[in-house]
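Undergrad: Right, I'll just put the structure down here and ask away after.
The values are calculated or read from the model by the stated rules, or taken from the named source; none is laboratory data. Computed from a prediction, not measured in an experiment: that's the story for all the values here. Cβ placement follows ideal geometry from the backbone for every residue including glycine, while neighbour counts extend to all protein chains displayed.
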Amino acid sequence: MKNIRISWQIFVTSLLITVFALLSVTWYASSIGRDFFREQARENLRVRAELIDKLVHDDLLQQNEQELQNKLKNIQIGDSTRITLILPSGRVLADTEKDPALMDNHLQRPEIVQAINKPYGTSIRFSKTVKRDMMYVAIPIWQEKTLAGFVRTARDIAMVEQTIAGMQQRIFFAGIFMAVLTAVASLFMSRRITHPLFNIIQQVERYAGGDFSRRLPKPHTLEMARLSEALNTMADQIDEKIEMIERQKNEQQSVLESMTEGVIAFDNSGHVISMNKAGGKLLNVDPNEVNGKFLGELIKNEALENLVIAVLETSLPQESELAVNLPNEQILTVRVSPLQDEESETLGALMVLNDITRLRNLERGRREFVANVSHELRTPLTSIKGFVEALYEGALDEPENARRFMEIIYRQTNRLISILEDLLTLSRLEREGELDEVEFRKENLKSILENAEQICMYNAEKKNIRLRLKCPSNLVVRMNSPLIEEAMINLIDNAIKYSPENMNIDILAEKKDKHVVICVKDEGAGIPDEHLSRIFERFYRVDKARSRKLGGTGLGLAIVKHIAQVHGGHVDVQSEMGRGSCFSIYLPVDL
């Protein structure tokens, strides 16, 4: 059913009531007017009849027909009133419009019958004599209590009805005028009443759309004014509550977004309803595009999905440590708790993800480090112990063997000392780096590289290897010169060890963009690609047997890496099998 405007309802209702009232008033006024005019006409005819009675009384008693007829003609001076004189027997003595001799007996006429017993008689009926509707009034004429006759007056009822019709017409047009006036007034009043209501509706629609910036004006109508005031008060309260909710939401969102843990909320059907940035980063998805999706649509990990399902089914918290590939392998601790209302009814689940990949890698690194240290220390210690036992058991009495055993013990002892010194260096670098205890100064880089070159020159000459240094003489870097010198000695010494005789080793330094790059490039056998990513790890060796034979501890490149990191830089290696390797240190220009 189509809705109708309230203004039209008010207007139509008011108009119908007005029209009904006007019709009722018009009908009543017409009835009263008709009765009034007819009564006036009767009274007028009665008065005339009494007046005529006085004029013709004596002649009527004498029944002088000719005289009466003449008098009646003289009385009619352009008047439309018909006058008839009638004897008690009903015979007509005189009449102003018809020859009495031709007229019927009138004793049974209604007005005559009434006049016999009443002061006068009246009727409205069709006259057979004049052939039209007439109004009659008859009065009796008495002669000492004896009925002497009747004086009857009459007039055409059409004249009365014409007067009544004129009166009704005026009432009708007045009614139409009043109806139009009332319609206009009703329309004006309905609009005046409903205009504030339309304003209220528009404002409520704005409120429904979230626009609380405007307020309703105060209408002149008391009820509308109270309604507007109530709506304005309600809008103020809602606006305050929305601001409070938005503020709380923003605070909660800020807390969630600042968390390093991933937080994901699910409804009771398992659909994602919220995810913070950390959660999106951990699962490698966009947090703004996950709402309404199942977890299985975001990540293919059945164990992770089962945790959410278990919490939704049992309402009990679940916890697990899982490995996921997103795309690299990550180790996550996953805690899933039920989301419950005040009545402990489960509404969904909340998942908290914590990336412990680095922690587990550190633990694995520590385990590997302990294992490597143990292995590296065990080898020389075992060798020392074996030869000491041999000397103890009698080799001291054999000068040639005793000297050889002592040389081996000496070499292995030096190896132990080297390993321990390198471990202490690494430990010191880590501690000083964490505590920012390393001192930096602006110094000429070329002089540092020349010192490292001179220190390594002896070993290079033994293999007829040429060290070629190329560095701008004005290149100044803010650095810790002893550490940079140590790093360069390690790189140059490694290059010498793993290069064949009669080769070249280039030591290059230049400024590139925001870094100073120091490169040690050899012409050795090169390093296979599968080893490049781990070459700077502690105790990592490409060829373990050859490394030990050459006297390496497996910690030199790790020390180089830590020195670069202490300076805010990094290391890199490029190698090609059969053509050599290039180890680079990147130092920031503005340290």
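Undergrad: Kindly indicate the residue of the stretch 482-539 that is modelled with pLDDT of 85 or more and of a type in the set (S, T, N, Q) and also farthest from residue 448 (Cα to Cα) among those meeting that condition.
TA: Only one residue fits best here, namely 502.
Undergrad: How many of the residues making up the stretch 147-165 are small (Gly, Ala, Ser) and under 14 Å from residue 124 (Cβ atoms)?
TA: 2
Undergrad: How about the stretch 93-121: which of its residues are surrounded by fewer than 22 Cβ atoms within 10 Å (Cβ to Cβ), in a helix (DSSP H, G or I) and out of contact with any helix residue (DSSP H, G or I) (no Cβ under 9 Å at 6 or more places or on another chain)?
TA: 101, 102, 110, 113, 114, 116, 117 - these are the residues of the stretch 93-121 that are surrounded by fewer than 22 Cβ atoms within 10 Å (Cβ to Cβ), in a helix (DSSP H, G or I) and out of contact with any helix residue (DSSP H, G or I) (no Cβ under 9 Å at 6 or more places or on another chain).
Undergrad: Something else: Criterion first (within 21 Å of residue 331 (Cα to Cα) and surrounded by fewer than 17 Cβ atoms within 10 Å (Cβ to Cβ)) does residue 289 satisfy it?
TA: So residue 289 fails the test.
Undergrad: Of the conditions (1) closer than 26 Å to residue 338 by Cβ; (2) part of a loop (DSSP other than H, G, I, E, B); (3) among the aliphatic types (A, V, I, L, M), residue 265 fails just one. Which one is it?
TA: (2)
Undergrad: Working only within the stretch 295-351, note down all residues that are under 17 Å from residue 264 (Cα atoms) and of a type in the set (D, E, K, R).
TA: Residues satisfying the conditions are 297, 300, 302, 305, 319, 321, 335.
Undergrad: Taking residue 469 as the residue in question, decide whether it is at pLDDT 90 or above and touching a Cys at 6+ places or on another chain (Cβ under 7 Å).
TA: Criteria not met by residue 469.
Undergrad: Among the residues of the stretch 423-442, are any in a strand (DSSP E or B) and at pLDDT 75 or above?
TA: Yes: the stretch 423-442 contains one or more residues that are in a strand (DSSP E or B) and at pLDDT 75 or above.
Yes or no, residue by residue, for (1) within 30 Å of residue 259 (Cα to Cα); (2) modelled with pLDDT of 80 or more:
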position: 330; (1), (2): yes, yes
position: 336; (1), (2): yes, yes
position: 350; (1), (2): yes, yes
position: 365; (1), (2): yes, no
position: 370; (1), (2): no, no
position: 393; (1), (2): no, no
position: 408; (1), (2): no, no
position: 411; (1), (2): no, no
position: 418; (1), (2): no, no
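Undergrad: I've got another one for you. Keeping to the stretch 188-226, report how many residues are over 25 Å from residue 12 (Cα atoms), within 30 Å of the chain's Cα centre (by Cα) and surrounded by 13 or more Cβ atoms within 10 Å (Cβ to Cβ).
TA: Going through the stretch 188-226 one residue at a time, the tally reaches 7.
Undergrad: Moving on to the next point. Looking at the stretch 260-271, can you tell me whether even one residue there is within 30 Å of residue 534 (Cα to Cα), of a type in the set (Gly, Ala, Ser) and loosely packed, with under 15 Cβ neighbours inside 10 Å?
TA: no
Undergrad: Which numbered condition trips up residue 552, out of (1) touching a Ser or Thr at 6+ places or on another chain (Cβ under 6 Å); (2) buried (at least 20 other Cβ atoms within 10 Å of the Cβ); (3) modelled with pLDDT under 80?
TA: (1)
Undergrad: Tell me which residues, restricted to the stretch 468-489, are closer than 23 Å to residue 555 by Cβ and of a type in the set (A, V, I, L, M).
TA: Within the stretch 468-489, 479, 483, 484, 487, 488, 489 meet the criteria.
Undergrad: Could you list all residues from the stretch 61-100 that are modelled with pLDDT under 75 and either in contact with a His (Cβ under 8 Å, 6 or more places away or on another chain) or outside the structural domain of residue 140 (by TED's automatic domain parsing) (or both)?
TA: Within the stretch 61-100, no residue meets the criteria.
Undergrad: Next question. Filter the stretch 58-92 down to the residues that are touching a residue at least 40 places away in the same chain (Cβ under 8 Å) and either closer than 18 Å to residue 162 by Cα or surrounded by 15 or more Cβ atoms within 10 Å (Cβ to Cβ) (or both) and list them by number.
TA: Once the filter is applied, which keeps residues that are touching a residue at least 40 places away in the same chain (Cβ under 8 Å) and either closer than 18 Å to residue 162 by Cα or surrounded by 15 or more Cβ atoms within 10 Å (Cβ to Cβ) (or both), the stretch 58-92 yields 60, 80, 81, 82, 83, 84, 85, 86, 87, 88.
Undergrad: Here is a further query. Restricting the search to the stretch 496-519, which residues are surrounded by fewer than 17 Cβ atoms within 10 Å (Cβ to Cβ), over 60 Å from the mean Cα position of the chain (by Cα) and part of a strand (DSSP E or B)?
TA: 504, 508
Undergrad: Right, here's the next one. Quick check on residue 249: is it of a type in the set (Lys, Arg) and farther than 30 Å from residue 207 by Cα?
TA: no
Undergrad: Exactly one condition in (1) of a type in the set (S, T, N, Q); (2) surrounded by fewer than 16 Cβ atoms within 10 Å (Cβ to Cβ); (3) at pLDDT 80 or above is not met by residue 153; state its number.
TA: Residue 153 satisfies all of (1) of a type in the set (S, T, N, Q); (2) surrounded by fewer than 16 Cβ atoms within 10 Å (Cβ to Cβ); (3) at pLDDT 80 or above except (2).
Undergrad: Name the pairs whose Cβ atoms lie under 9 Å apart, with the first residue in the stretch 13-42 and touching a residue at least 60 places away in the same chain (Cβ under 8 Å), the second outside any helix (DSSP H, G or I) and not aromatic (Phe, Trp, Tyr), and 6 or more positions between them or separate chains?
TA: Short answer, once both residue conditions are applied: 38/124; 38/135; 41/135; 41/137; 41/155; 42/122; 42/135; 42/137.
Undergrad: All but one of (1) closer than 16 Å to residue 274 by Cα; (2) in a loop (DSSP other than H, G, I, E, B) hold for residue 316; state the number of the condition that does not hold.
TA: (1)
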